[in-house]
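Quick note: the coordinates plus some simple rules give every number you see, no bench work behind them. Note that the coordinates shown come from a computational prediction; the quantities given were computed from them, not determined experimentally. Glycine gets a Cβ as well: all are built from the backbone with ideal geometry, and neighbour counts include every protein chain shown.
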Amino acid sequence: MSLKSQETTGTNEKKITFDIDRKTFDDAVNAAYKKQAPKINVPGFRKGKAPRMLIEKMYGKEVFYDDALNEVIPAAYEDAVKELDDVIVSRPAFEVESIDENGVVVTASFYVKPDINVKKYVGLEAEKPIMPVTDEDVESELKRVQERNSRMIEISDRPVQSGDIATIDYKGFCDGVAFDGGEGTDYALSIGSNTFIPGFEDQIIGHDIGDEFDVNVTFPADYHAENLAGKEAVFKCKVKEIKFKELPEIDDEFAKDVSDFDNLEDYKADIRKELAEHNEEHAKTHLDENLLNLLVENVEGEIPEIMFDNEAENMVRDYESRLRMNGLDLETYFKYTGQNLEDMKKQMRPGAEKQVKSRLALEKIAKLEGFEASEDEIEEEYKKLAENYSVDIDKMKQYIDPKDLAEDIKVRKAVDFVRDKAVIKEVEHTHHHDEHDD
């Protein structure tokens, strides 16, 4: 089993010829006969008892060839391509050229990874959005922590006040007739949140637990249900429970309770530092994104379509596994969204093209700059992955080829290189920390 020849048949297209020796093929034919014989009917013989010669006479000598070829071609192909310098990026199309006393000769056609050119990658001009941490940001974070440490107090000795959470039953009537969607039982309504139509919550204030009363309101003229828009309505209500969210005082004691600090000032300083680090990460991600977009624009060369298709399929698979983590699957998702697989692939296509081009550009830069991945760096990477996935490091080594890890390390070095050599313009952005993770 060896590579006989290779030829370039088009841009990034190759065709190789390899052979399989006669003995290997004969063994595979024999195995195919043993597997298939029990299912073959030959008149005058019990099922599966007909001699091979007779079966071949009846059905032709090639009757077992297909199964035998399917068995031997993949391994022979794997052997043959080990001798190539190219990286194959598509499934091979096989063709059997000949079968004779010397064995089998097969050709395989496929696409290979292109050698692209990156016009410019040193001195790229890109923006980095700088987001200073404001006093408001620190206060917002403190309020979030205060909210998380609040406790619900049940009230029984006073009527509903603004800011309470009143548990109510309600039923709405329009012209004396109950209407759809106008009824609720044990509904926890935050008074002052303006969740319900204007005027509703105000009329709950002042009522005690057990009170039954009418709330009179007028639906807004632009109300989403046209049959109710602008109409007057009466809601029959009953207060069943009153609760109040008690927030802790934000002081030194609070800082001691929620952090490792003894006073509020030190805790605030730590929040400021954390937010600044978060902003810096955010800014760096944006900068890298801007630099990658520029690299993609600087890529020259033909890239096989199949690479974009494969990447779009990978993205769909990633999306599917995220859906599964949330208890959904693609089929259900398509039902909800009215999309199908083709629509989704089309949607993923621009991202896939960018992904493929930027990866090719970074691999090329790593090659041109002579970046390598040391044994220690690869080991360190295995350790990190094992920790992230809570898997034993030896298991990780079984899953992931060190060559792939080395490629990833070299690509990361290329990203750092492009960033270090870029002309970076810092642009101040004002923003709120609503997206800051807890």
Problem set entry | Calculated [θ] (222 nm, deg cm²/dmol) that DSSP helices of n ≥ 4 give over the chain, each run adding -39,500 (n - 2.57) | -14500 deg cm²/dmol
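Cα-Cα over 21 Å: which of K357/K410; K245/K273; K120/K410; K23/K47; K4/K35? Numbers along the way, then the final one.
Numbers: K357/K410 16 Å; K245/K273 30 Å; K120/K410 19 Å; K23/K47 28 Å; K4/K35 31 Å.
Going by Cα-Cα distance, K245/K273; K23/K47; K4/K35 fall outside the 21 Å limit.
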Exercise. What dipole magnitude, in Debye to the nearest 20, does the chain give about its Cα centre under +1 on Lys/Arg Cβ and -1 on Asp/Glu Cβ?
Worked result: 3080
For this session: Give, in nm to one decimal, the length gained when the segment between E232 and E377 is fully stretched (0.36 nm per residue of separation minus the Cα-Cα distance).
Result: 45.0 nm
Problem set entry | M131 long-range amide H proximity, modeled H, under 5 Å | H429
For this session: Enumerate the lysines that K231 could reach by cross-link, defined here as Cα to Cα under 18 Å, with residues fewer than 8 away along the same chain left out.
Result: K171
Problem set entry | Residue among R317, R272, R158 with the largest mean-square fluctuation in a Gaussian network model of the chain, springs linking Cα atoms under 10 Å | R158
Exercise. In the chain, what percentage of the DSSP-assigned beta bridges are antiparallel, given to the nearest 5?
Worked result: 90
Exercise. Taking the chain as a Gaussian network, where each spring joins two C-alpha atoms under 10 Å apart, which residue of E95, E212, E428 fluctuates the most?
Worked result: E212
Exercise. According to the square roots a ≥ b ≥ c of the eigenvalues of the Cα gyration tensor, what is the shape class of segment 233-318, taking rounded for a/c under 1.5, prolate for a/b larger than b/c otherwise, and oblate for the remainder?
Worked result: oblate
For this session: Could you tell me how many degrees, from 0 to 90 and to the nearest 10, lie between the Cα long axis of helix 135-148 and the main elongation axis, the longest principal axis, of the Cα atoms of the chain?
Result: 90
Seminar exercise, completed: Where a ≥ b ≥ c are root eigenvalues of the Cα gyration tensor, a/c under 1.5 meaning rounded, otherwise prolate if a/b exceeds b/c and oblate otherwise, segment 13-171 counts as oblate
Seminar exercise, completed: Once the in-chain neighbours fewer than 8 apart are removed, the aspartates and glutamates whose Cα is under 18 Å from K39 read E56, E62, D66, D67
For this session: Could you give the size of the charge dipole of segment 313-433 about its Cα centre, using +1 on the Cβ of each K and R and -1 on the Cβ of each D and E, expressed in debye and rounded to the nearest 20?
Result: 620
Problem set entry | Selection from I303, F200, S374, by position along the positive dipole direction of the chain (Cβ) | I303
Problem set entry | With Cα atoms, 0 to 90° folded angle of helix 65-81 axis to the chain main axis | 80
Exercise. Around A422, which amide H atoms from residues at least 5 apart in sequence, or from another chain, sit under 5 Å from its own amide H, with H modelled in the peptide plane?
Worked result: G123
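Given axes a ≥ b ≥ c from the Cα gyration tensor, I'd like to know whether segment 214-280 is rounded (a/c under 1.5), prolate (a/b larger than b/c) or oblate. Don't jump to the answer; show the numbers that get you there.
Numbers: a/c = 6.29, a/b = 2.30, b/c = 2.73.
Verdict is oblate for segment 214-280.
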Seminar exercise, completed: Distance in Å, no decimals, from the C-alpha centre of segment 11-82 to the one of segment 243-284 is 72
Problem set entry | From the coordinates shown, volume of the Cα convex hull per residue in Å³ corresponds to which of (i) 263; (ii) 146; (iii) 309 | (iii)
Exercise. Under 16 Å from the Cα of K346, which aspartates and glutamates turn up, not counting those fewer than eight places away in the same chain?
Worked result: E305, D309, E311, E313, D318, E320
Exercise. Which value, in debye to the nearest 20, gives the size of the charge dipole of segment 211-358 about its Cα centre, when Lys and Arg are +1 and Asp and Glu are -1 at the Cβ?
Worked result: 800
For this session: Hey, could you get me the Stokes-Einstein D for segment 256-435, Kirkwood radius over alpha-carbon pairs, 4 °C and 1.567 mPa s, rounded to whole µm² s⁻¹?
Result: 64
Seminar exercise, completed: Across V356, V258, V423, the residue with the highest GNM fluctuation in the chain (Cα network, 10 Å cutoff) is V258
